[in-house]
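Heads up: the structure comes next, in structure tokens.
The values are calculated or read from the model by the stated rules, or taken from the named source; none is laboratory data. If you're wondering where the values come from, they're calculated on a predicted model, not measured in any experiment. Cβ coordinates were reconstructed from backbone atoms using ideal geometry, including for glycine residues, and neighbour counts include every protein chain displayed.
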Amino acid sequence: MDPITLFGLSITGVTLAIICVSVLGTLVITAVAIAVPIYFFRNQRKRAEELMARGTQGEATILSLEDTGMRINDNPRVKMDLEIRMPYGYPYKITKTMTIPLIRLSQVQVGAVVPVMVDMADPNNPDKVGLLLK
């Protein structure tokens, strides 16, 4: 075997192939790293718009509040137990985890009554309940 060839290709050809694969891999990883957050942001925004369009307004009392220890853009992610009261029907309880903007954190305290928007097609689903913080 000639020291200048490897698998029938010259060392220069192998090096060029490795560089091409590395560049392509980097481009794919970068594209995925950009596309995935954009997809989730658009999906979350779409769900919020649908809830605002189809939801029914009610109110909720915050029964408990717990910090999950996670921060998203320096905003705390909290787990809270809510008692939901709609204009008709009995009150019910759900547990919802969400990110609260720091500027709105004073509105989200134990015992506080906050307005909510609920999709009545699935009112017990925490993803179908949104807090209307001002």
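In summary, S64 fulfils each of the numbered conditions (1) hydroxyl-bearing (S, T, Y); (2) part of a loop (DSSP other than H, G, I, E, B); (3) touching a residue at least 40 places away in the same chain (Cβ under 8 Å) with the single exception of condition (2). The residue of segment 71-99 that is surrounded by the fewest Cβ atoms within 10 Å (Cβ to Cβ), among those that are among the acidic types (D, E) and at pLDDT 95 or above, is E83. Scanning segment 100-131 for residues that are among the hydrophobic types (A, V, I, L, M, F, W, C), in contact (Cβ under 8 Å) with a residue 12 or more places away in the chain and loosely packed, with under 15 Cβ neighbours inside 10 Å gives L102, L105, V110, A112, V113, M120, A121.
Would you mind stating whether T56 is surrounded by 10 or more Cβ atoms within 10 Å (Cβ to Cβ), at pLDDT below 90 and of a type in the set (V, I, T)? Yes; evaluated as a whole, the condition is true for this residue.
Quick one: would you say G89 is without any contact (Cβ under 8 Å) to a residue 40 or more places away in the chain, assigned to a strand (DSSP E or B), of a type in the set (G, A, S) and in the same structural domain as P126 (by TED's automatic domain parsing)? No: the conditions fail for G89.
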